[in-house]
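Reviewing the structure listed below.
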Amino acid sequence: MKKEVQLNEAVSILVLMLIVLGISVIGLGLMPNIPVLAVIGALMGWLRFRGFTWDDLMAGIKQGISTAIIPIFIFMLIGTLIAVWIQAGVIPSLMVLGFHLINAAFFIPSVFVVCSLVGVAIGSGFTTISTVGIALFGMGTTMGINPALTAGAIISGAVFGDKMSPLSDSTNLASAVAGSDLFAHIKNMMWTTIPAFVVSLVVFAVLGYSNQGVSLTKMAPTLHTLTTHFSVSWWAAVPVGLMLICAWKKIPAIPTLFMNIFVAILMIFAFDPHFTLAKLAQLAQSGYIAKTGNSTVDTLLTRGGITSMMGTVALIIMTLALGGILMHTGIIENAMAPVAARLQKPGRLVTATIFAGIGINLFVGEQYLSVILPGNAFKHAFFRIKLDPLALSRVLEDGGSVINYLIPWGVAGSFAAGALGVPVTHFLPFALFSLLSPIFSILSGLTGIGLKRAPAGEEKI
């Protein structure tokens, strides 16, 4: 007969996991896949020793992985989209346009603002990073700007846009879990989101101003290579505009990506009638391989394809399998429930919920679960001390979905690292918006500024 995992044991297991993953990935610089796999094996051995059956553990793995089916399919489509956008000249055209419009001294804050606007418009941080983000990253690299800084600005903008868009899955999820109105939730998030945005913009402006001495002449060879080897034209606006229209029409991510891939394929055959179906299949599978003779351009634009996403997909499967075991065996629930029951003051409750979201990101690596689990665990506590559901939904975003981009073994973090080619540990210090959001949320809880209380007689669970 299996034994229930008690509070002290659950906390010990989670802390030990975090230590192992932290030392392996951050301390030793290992890729997260093998440490996560090792933790799964050790955890399964311990739980079997504690009396859980193999069927319990297999059910946990299935439960965790089942949540990844749609994201995995989306990632494969994004890999294909990147490849065909490069072949069709979309990303090279965006780079050329950007080179002519953006000043080096204001490049980093401009990247942050552009990605923020695109993210709000399309409601997807992943899509923002893998399309406009890649183009901006290529520009920054050509200009000799620190790749980690550019990546941090791209990710910060993408996260802001994803967080504040009514089209975002994570924003809708936080609102639904807390039981708050979607647009009231977005409006209420401004109490913490706007300060985080403003401070991030100021810091990016200061960091970016150091690039004012960058010689724009070094961009000339890259511009020549892009215009010579790619179909650079205003036709690149067509798939970009289509993506915005799909977002406006609230078309889901999968059909949106399929339509954009199809349009890009039409552009490829229009620009190069000799392009064959065999080459197209190879492009979608293995990605675009640049052979321009310019090493910078070749490095930047050799990317995309279904194969390029397989490392991220493997990590997603493993981290969600780990999360499924932790949830199915009650380890996560037993660690959070006693804490939620003891919290009586708003500041402490908000802080605990923030850290619970961060903890779920660290232990499970999945941004949706970092919203769902703390939301369910602390919902009654918010109700008990008469805080509005809007207070809970905002905290779930500030400590949940935005943090996943900072976790090397997290779904969003591993995706961003793979798409931009910059390790999470490198861009983490520059992902300012994700770092600042929980800080301003905690300050709101402690001071009461912007903390929405339930109207008398209208509290609801």
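Values as computed for the structure displayed
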item: Residue among I65, I91, I86, I72 that alone is within 17 Å of the chain's Cα centre (by Cα), within 24 Å of T307 (Cα to Cα) and in a helix (DSSP H, G or I); result: I72
item: Unique residue being among the hydroxyl-bearing types (S, T, Y), within 30 Å of L387 (Cβ to Cβ) and at pLDDT 80 or above when the list is S200, S168; result: S200
item: Region 44-75, subset touching a helix residue (DSSP H, G or I) at 6+ places or on another chain (Cβ under 8 Å) and more than 17 Å from T319 (Cα to Cα), residue surrounded by the fewest Cβ atoms within 10 Å (Cβ to Cβ); result: W54
item: Criterion (open to solvent by 10 Å² or more (accessible area, probe 1.4 Å), assigned to a helix (DSSP H, G or I) and of a type in the set (G, A, S)) met by exactly one of G22, G29; result: G22
item: Filter result for the condition that a residue is of a type in the set (V, I, T), open to solvent by 20 Å² or more (accessible area, probe 1.4 Å) and touching a Leu at 6+ places or on another chain (Cβ under 8 Å), over I265, I289, I261; result: I265
item: Restricting region 293-336 to residues that are among the hydroxyl-bearing types (S, T, Y) and over 20 Å from I358 (Cα atoms), the residue that is surrounded by the fewest Cβ atoms within 10 Å (Cβ to Cβ); result: S295
item: Residue tally, condition of a type in the set (V, I, T) and either in contact with a strand residue (DSSP E or B) (Cβ under 9 Å, 6 or more places away or on another chain) or assigned to a loop (DSSP other than H, G, I, E, B) (or both), over region 108-148; result: 2
item: Looking only at region 124-144, and only at residues there that are small (G, A, S) and open to solvent by 10 Å² or more (accessible area, probe 1.4 Å), the one that is nearest to V411 (Cα to Cα); result: S124
item: Residue within region 429-439 that is closer than 14 Å to A352 by Cα, surrounded by fewer than 24 Cβ atoms within 10 Å (Cβ to Cβ) and not basic (K, R) present; result: yes
item: Meets criteria (under 30 Å from V90 (Cα atoms), small (G, A, S) and at pLDDT 80 or above) for A356; result: no
item: Enumeration of residues in region 409-427 that are open to solvent by 20 Å² or more (accessible area, probe 1.4 Å) and touching a residue at least 24 places away in the same chain (Cβ under 8 Å); result: G418, G421, T425, H426
item: Residue check for I86: among the hydrophobic types (A, V, I, L, M, F, W, C) and open to solvent by 10 Å² or more (accessible area, probe 1.4 Å); result: no
item: Matching residues, region 308-340, being farther than 30 Å from L81 by Cβ and of a type in the set (A, V, I, L, M); result: I325, L326, M327, I331, I332, A335, M336, A337, V339, A340
item: Matching option when the condition is surrounded by fewer than 21 Cβ atoms within 10 Å (Cβ to Cβ), closer than 19 Å to I129 by Cα and without any contact (Cβ under 8 Å) to a residue 60 or more places away in the chain, among P166, P147; result: P166
item: Region 38-74, residues that are without any contact (Cβ under 8 Å) to a residue 24 or more places away in the chain, under 24 Å from S24 (Cβ atoms) and not hydrophobic (A, V, I, L, M, F, W, C); result: G41, G45, R48
item: Selected residue (criterion: nearest to T256 (Cα to Cα)) from residues of region 149-172 that are of a type in the set (G, A, S) and in a loop (DSSP other than H, G, I, E, B); result: S168
item: Neighbours by Cβ (under 7 Å, 6+ apart or cross-chain): first from region 16-27, over 12 Å from A38 (Cα atoms); second surrounded by 15 or more Cβ atoms within 10 Å (Cβ to Cβ); result: L18/L362; L18/F363; V25/P32; V25/P35; V25/P408; V25/W409; I26/T425
item: Whichever residue in region 253-279 is within 20 Å of T131 (Cα to Cα) and among the polar types (S, T, N, Q) and, among such residues, is modelled with the highest pLDDT; result: N260
item: Enumeration of residues in region 385-402 that are charged (D, E, K, R) and surrounded by fewer than 24 Cβ atoms within 10 Å (Cβ to Cβ); result: K386, D388
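Here is a yes/no grid of residues against (1) in contact with a helix residue (DSSP H, G or I) (Cβ under 7 Å, 6 or more places away or on another chain); (2) touching a residue at least 60 places away in the same chain (Cβ under 8 Å); (3) over 14 Å from A88 (Cβ atoms):
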{"position": "K249", "(1), (2), (3)": "no, no, yes"}
{"position": "I254", "(1), (2), (3)": "yes, yes, yes"}
{"position": "F271", "(1), (2), (3)": "no, yes, no"}
{"position": "L277", "(1), (2), (3)": "no, no, yes"}
{"position": "Q285", "(1), (2), (3)": "yes, no, yes"}
{"position": "Y288", "(1), (2), (3)": "yes, yes, no"}
{"position": "G293", "(1), (2), (3)": "no, yes, yes"}
{"position": "T296", "(1), (2), (3)": "yes, yes, yes"}
{"position": "G311", "(1), (2), (3)": "yes, yes, yes"}
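The values are calculated or read from the model by the stated rules, or taken from the named source; none is laboratory data. Nothing here was measured: the structure is a model prediction, and the numbers come from that model. As a convention, Cβ positions derive from the backbone with ideal geometry for all residues, glycine included, and neighbour counts pool all protein chains shown. Accessible surface is based on the protein model in full, side chains and every heavy atom, while ligands, DNA and RNA are left aside. Shrake-Rupley method; radii C 1.70, N 1.55, O 1.52, S 1.80 Å.
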